[in-house]
Protein chains: 2
Amino acid sequence: MSSELRGFELPLRLLLGFRVLIDELHEELARQGHPRMRPMHGFVFQAIMRAGGRYGTTAADLGRALGVSKQAAGKTIDTLEGLGYVRPGHDPGDARRKTYTLTPHAYDALERSEQIFEDLRGQWAETIGEDRLRAMVEDLRKVTPPDAFQLDTPQWFNAP
Amino acid sequence: MSSELRGFELPLRLLLGFRVLIDELHEELARQGHPRMRPMHGFVFQAIMRAGGRYGTTAADLGRALGVSKQAAGKTIDTLEGLGYVRPGHDPGDARRKTYTLTPHAYDALERSEQIFEDLRGQWAETIGEDRLRAMVEDLRKVTPPDAFQLDTPQWFNAP
DNA sequence: ACCATATAGACAACGACCTTGTCTATCTTA
DNA sequence: TAAGATAGACAAGGTCGTTGTCTATATGGT
């Protein structure tokens, strides 16, 4: 950081911290049988779990959960289906709904992600101290919205 | 956060912290005469200052600094020129180079950004304590690369 | 001084991902 | 039972990135 731009350091370090964790996560996931999984997908998996009804999640549900159009969500689902992470189903009570549920492959990715994040967290704790790391997360919770899931990150970053 | 996804909280909070700061920055910048400025642009301004030669920065320079192709950097520069943030110049020693420099309007945006970030930082300090905030940045410095400027964030997030 | 190589920039084609709009089928509700 | 809402399919278009190609200009070895 140049000295004349001191104020930029906080946001920059937050972004870099996120990137470091996500990059290392996906390097390790690639080694563990998930080479095609993208940073976006973990968020999408969680949105699919949250947004779904009794018989699964539709593209329209997912679009609402992610803050994108149903068409965009539909294309994301097509990609995930091609990668074997979701599988189509149907809602017996509503013939319009084409639902999707996560496959065991997706749950495997989520479980491995959880383990890898815990390992990375352990490395951070070794570097900065367990108490300081706990304080960091606790403090970030105080300054961020409690239940944010509409990330829509890619577009947001340089949207019109 | 659901309890079964505890490991996701650290990266998620880092991303949300970044988003909160950037969103509030740009809301305020919009009020202060920079309504068309995008999150990407602040990074680009800094890259233009860093990457440039004696007579300014070329699209090729900027592309290298940002980690994108010279064509993509050229389009970004066209946008910034249209918004009045950069102005073309030339290098008397090299007729190939079409250089660009930041305009006073861009420096105005950078100075206002600096001030707004300091205000936001002050709000965070009130919420979590000045010492804890300083500790957070210090700790993040220990776990992130010291001099990262190849953010290429939009593409990275859901690249192929 | 000369020629091979590298680089800047312009232009074109294309791909990924998002958007809006439209259409039909199906569900819900007054 | 009819009106309105919603799901999904399809098409067209925008933004932003990519690679490839071409010309003009520098640079460096001979």
If you project the alpha carbons of segment A:46-130 onto the principal axes, what extent comes out on each, in Å, largest first?
54, 25, 23
Of every hundred units of 1.4 Å-probe accessible area on the protein assembly as shown, the number belonging to carbon and sulfur atoms, as a percent, is 49 percent
Positive end of the dipole of segment A:1-104, charges at C-beta (+1 Lys, Arg; -1 Asp, Glu), about the Cα centre: which of A:P39, A:L16, A:L80 has its Cα farthest in that direction?
A:L80
Got a sec? Which residues of segment A:33-72 lose 50 Å² or more of accessible surface with every protein chain in place, vs. that chain alone, 1.4 Å probe?
A:R38, A:Q46
Expected 222 nm ellipticity per residue - DSSP helices of 4 or more, -39500 (n - 2.57), all of the protein assembly as shown, to 500:
-20500 deg cm²/dmol
Could you state how much accessible area is buried at the A-B interface, both sides summed, with a 1.4 Å probe, in Å² to the nearest 100?
6500 Å²
Counting all Cα-Cα pairs in the protein assembly as shown, those more than 33 Å apart amount in percent to 33 percent
Quick one: accessible area per residue over segment B:18-160, 1.4 Å probe, rounded to a whole number of Å²?
51 Å²
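The values are calculated or read from the model by the stated rules, or taken from the named source; none is laboratory data. Not measured: the values here are computed from a predicted model. Here the Cβ is made from the backbone with ideal geometry for all residues, glycine too, and neighbour counts use every protein chain on show. Ligands, DNA and RNA are stripped out before the accessible areas are found, and what is left, the full protein with its side chains, is counted by its heavy atoms. Shrake-Rupley method; radii C 1.70, N 1.55, O 1.52, S 1.80 Å.
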